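First the structure, in the form of C-alpha cells, and then the observations on it.
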Amino acid sequence: MIGLILLAAAAIAAAAPLPKAAIPEGKRFLVIQPHHDDHTTDYGMGGLIAKLVDAGYDGWFIRASNDEKDGAWGYPHNDMINQRESEAAIAILGMKGLYSLGWRNDYMDPTPLLELRAQIILLIRKHRPDVVLGHDPWGHYDRNPDHRKVARACAEAVWMAGLRNVHPEHIELGLEPWRVPHQFLKARVDYGRGHEANVAVELTQAHVARKMKAYSAHRNVYAHPSMARSVRQQLAARGLKAPELDRKTDEEAAVAIEEWHMDWISRKRGTENGLRYAEIFYYLGEFDHLPGLTGYLRDNVVKR
Amino acid sequence: MKSLLCLLAFAAAANSKTILIVTADAADFVLAAGGTIASMTATGDRAILLRVANDDKNAWDLAPEQAAARTSAECEQAARALGIEKVVSLGYREGELGGVSPTELRDRIAFHIRLLKPDVLFIPNPYAEYVEQLDRHYTGMAAEEARHTAALRNHQPPLAAIGVEPHVTRELYYYAQPVDPRRREPEAAATFVPQPKVVGIEAAFSKKLRAARALKTIQTAAAMRIRQRLESTGRRLPLLDTVNEESVNKLVEIELRGLATLCAKDFPYKMAEEFHYAGPEYQVPAKLRR
C-alpha cells in the first residue's frame with residue numbers, strides 16, 4: 001500500500017509543470033553545439049533562439065564538427081552542404097554568424113579537450129555572451145562522442161573564460177576575461193535518468209514556425225524521401241493511410257512529416273508544462289555555482 | 001585516576017584511524033568536507049591531504065606562478081586549521097586535468113594510498129552533477145579507481161618490489177558541494193552502491209570557517225568576481241562595496257553557513273555536510289547486511 005502511495009506521489013511529482021524561464025537581461029548569446037543540426041532538432045533549441053533574437057539579442061552559432069559523415073554524400077560534399085544549410089538555418093532564426101571549428105565528425109573522442117576548450121574560450125571572450133545554449137555534459141547514455149566532448153569543453157569554457165590566468169595570451173590581444181552568466185543546456189530527455197530539465201521556455205506559434213523552417217533547411221540530413229516511403233509502407237501494412245500525404249511526392253511528404261513532428265514535440269512540451277508551446281532546458285543561473293551564497297545574494301543584491 | 005586517563009588515551013590511540021583526503025583544488029575539500037575532517041582529527045584520527053592541482057588560475061591579480069605559490073601556502077594553513085598533519089601536492093596545473101592521462105593520475109593517487117595505508121579515504125564525488133570545476137570530476141574518477149587498484153598486487157608491481165604493498169581502504173567518503181539537484185535521490189541499495197550520509201558539523205564549524213578563511217587568495221578572487229559581475233549589470237552587494245579582509249571573511253562565513261544549512265535540511269542538525277559513503281559493509285550484498 002505504501003509502495004502504491006509512493007508510486008502515485010512520484011507520478012504526480014513527475015507530472016508537475018516546470019517553472020517558466022524568463023529571458024535573462026542581456027544582449028548577446030552563443031549557441032555551442034557539436035553538429036550543424038543540433039540546435040534545430042526535435043530536442044533542440046530553435047524556439048529559444050528565435051525568442052532571444054526577438055528579445056533583441058545578437059546570436060552566433062559555434063559548430064564544432066565538420067559534419068562530414070552526416071548526409072547522403074561523400075565526406076567533402078557533406079561538409080560543404082551542411083555548412084551552407086547551417087548558414088541558411090541560422091539566417092532563418094535571425095542569428096548573426098557561424099563559426100565552424102572543423103573537428104572531424106564522429107571522431108571527437110580523441111580531440112584534445114584543452115584545444116577545443118581554448119577555441120571556445122577565445123570566442124566567448126570575443127563575443128562576451130550573456131547566454132550560452134549548450135549541450136548538457138551530465139546527460140547519460142549519449143552514444144555520440146562529439147556530444148560528450150563538446151558538452152564538456154563548453155562546460156569548462158563558460159567559467160574559465162572569466163579567469164585572467166587562463167590563456168593570458170588572449171589578454172595580449174585586447175580580449176578581457178568574461179564569465180558567461182546564464183546557460184541553457186539541452187540533451188535527449190528520453191535517454192534514461194540523465195538529463196532532466198528544470199525550466200520550460202514558453203514559445204509562440206511564430207517561434208515554432210521559425211524553428212520548423214530552420215529545421216527544414218537541413219535538407220541534406222532530414223526529410224529523406226525514403227522516410228516518407230517507409231511511413232506509407234508501414235501505414236499500408238496496417239491497412240491505414242494518411243490523407244494529408246496523399247497528393248504529396250515522397251520528398252514533400254517527408255517535409256510534412258518532419259514539420260508535423262516538430263510542431264507535435266513543441267506542443268507536447270507545452271502541454272506538459274501548462275503552456276501551448278514550449279522547449280525544456282536545464283538552466284544554470286549566474287550564481288548557481290555558489291550554492292552557499294545563492295540565497296544571500298538573492299536577498300541582498302541591490303541596484304546601484 | 002591517572003592510570004585510567006592513560007588507559008583511555010591508549011584506547012583512543014588504538015582506535016584512531018588514518019585518513020587520506022584527495023582534493024582537486026585547495027578549496028573543495030574545505031567547503032564540502034572540512035567540518036567532518038575536523039571532527040575526526042579532533043578525536044585523534046591522523047589525516048593527510050593529497051592536493052592534485054596547483055590553483056595557479058584561481059586568483060584575482062596574481063600571475064600563475066605567484067598564485068600557485070600563495071595558494072599552496074594558504075592550503076597548508078587551511079589544512080592545519082582542520083587538524084591535517086601534512087599536505088602532499090601533485091602539482092598539476094589547475095583546470096587542465098581534462099588533458100591529463102586518467103591512468104597516470106590514478107596511479108599517482110594509488111601510490112599514496114599504498115604508501116599511507118589509510119583506513120578512510122575522502123574523494124571528490126565524480127557523479128555529482130553540474131559541478132562547475134571539472135577538475136573535481138576528473139580527480140574523483142581517478143581516486144575512485146585508485147582505491148580499487150591500490151588493493152591489487154598486479155597493479156604497479158614495482159611498488160611491491162620496494163616494499164610498498166597493496167592496501168585495501170575500508171571506508172570511502174565521496175564529497176561534493178550541494179549543487180546536484182538529485183544528490184539526495186535514493187540510488188540502488190544493491191552491493192557496491194555507496195549510500196547517502198549526512199554528518200552534523202556544529203562542533204567543528206569554527207575550525208572549518210578558520211580553514212576556509214585561510215584561503216585568502218581564492219576567497220578574495222571569488223568576492224571580486226561577484227562584485228565585478230554585479231557592477232557590470234548595474235547592481236551591488238553592500239557587503240562588497242569595499243573588498244578587504246573583513247568583508248571577504250564575512251562573505252566566507254555566510255557561504256559556509258549557507259552550505260551547512262542546505263546540507264542539514266530535513267536532518268536533525270543545524271549544520272551538516274553530506275556525502276555518499278561506502279563503509280566496511282560496502283561489498284556485502286544488501287540482503288545480507290542485516
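Tabulated results
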{"quantity": "Note, ³J(HN,Hα) from phi for the stretch B:160-172, Karplus 6.51, -1.76, 1.60, rounded to Hz, x at Gly and Pro", "calculated": "5, 5, 9, x, 9, 7, x, 8, 9, 8, 7, 10, 9"}
{"quantity": "DSSP-defined beta bridges in the protein assembly as shown - what % are antiparallel, rounded to 5", "calculated": "35 percent"}
{"quantity": "Proximal lysines to residue A:96, defined as alpha-carbon separation beneath 23 angstrom and excluding residues fewer than eight positions away on the same chain", "calculated": "A:27, A:51, A:126, A:186, A:211, A:213"}
{"quantity": "Surface/4 estimate of mean projected area, convex hull on alpha-carbon atoms of the stretch A:205-302, nm²", "calculated": "10.4 nm²"}
{"quantity": "Label-point separation, residue B:66 to residue A:304 (7 Å along Cα→Cβ), nm", "calculated": "2.6 nm"}
{"quantity": "C-alpha long axis of helix B:2-15 to longest principal axis of chain B, angle in °", "calculated": "90 degrees"}
{"quantity": "Helix B:28-42 axis, angle to chain B major axis (alpha carbon atoms, nearest 10°)", "calculated": "50 degrees"}
{"quantity": "Fewest-first ranking of B:60, A:73, using other Cβ atoms within 10 Å as the exposure measure", "calculated": "A:73, B:60"}
{"quantity": "R0 of 25 Å, Cβ-Cβ distance residue B:241-residue A:288: FRET efficiency to nearest 0.05", "calculated": "0.55"}
{"quantity": "Of the DSSP H helices in chain A, those whose Cα atoms cover at least 15 Å axially and whose Kyte score averages 1.0 or more", "calculated": "A:2-15"}
{"quantity": "Within 10 Å of each Cβ in B:127-133, the average number of Cβ atoms from other chains", "calculated": "6"}
{"quantity": "Among A:261-273, B:47-59, B:238-250, the order from most to least packed when residues are scored by Cβ within 10 Å on average", "calculated": "B:47-59, A:261-273, B:238-250"}
{"quantity": "Nearest-ten-degree value, helix B:205-214 long axis tilted from longest Cα axis of chain B", "calculated": "60 degrees"}
{"quantity": "Sites residue B:261 and residue A:80 - FRET efficiency at Förster radius 56 Å, r taken between beta-carbons, to 0.05", "calculated": "0.50"}
{"quantity": "Cα convex hull volume per residue for the protein assembly as shown (Å³)", "calculated": "211 Å³"}
{"quantity": "Förster radius 30 Å - calculated FRET efficiency between residue A:198 and residue B:77, Cβ distance, rounded to 0.05", "calculated": "0.20"}
{"quantity": "Nearby aspartates and glutamates by direct alpha-carbon distance to residue B:17 (threshold 18 angstrom, same-chain neighbours under 8 apart not counted)", "calculated": "B:45, B:85, B:119, B:171, B:281"}
{"quantity": "For a label point 7 Å along the Cα-to-beta-carbon line of residue B:117, residues of the stretch B:163-205 with backbone N under 16 Å", "calculated": "B:163-171"}
{"quantity": "Cut-off under 5 Å, modelled amide H: who pairs with residue A:98 long-range", "calculated": "A:61"}
{"quantity": "With eigenvalues of the C-alpha gyration tensor scaled by 5 and rooted, the stretch B:187-285, Å", "calculated": "36, 15, 13"}
{"quantity": "Number of partner chain Cβ atoms within 10 Å, mean per residue of A:296-302", "calculated": "5"}
{"quantity": "Distance (nanometres) between label positions extended 7 Å along Cα→Cβ at residue B:90 and residue A:54", "calculated": "5.0 nm"}
{"quantity": "Computed [θ] at 222 nm, deg cm²/dmol, the protein assembly as shown (DSSP H ≥ 4; -39,500 (n - 2.57); rounded to nearest 500)", "calculated": "-14500 deg cm²/dmol"}
{"quantity": "Partner aspartates and glutamates for residue A:248 [C-alpha distance under 20 Å; skip if fewer than 8 residues away on the same chain]", "calculated": "A:258, A:259, A:263"}
{"quantity": "P(r) histogram, all alpha-carbon pairs of chain A included - 20 Å bins from 0, percent", "calculated": "30, 57, 13, 1"}
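All of the numbers you see were taken from the coordinates with simple rules; none came from a lab. The model shown is predicted, which means the values in this text are computed figures rather than measured ones. All Cβ positions, even for glycine, are placed from backbone atoms using ideal geometry, and neighbour counts span all protein chains on display.
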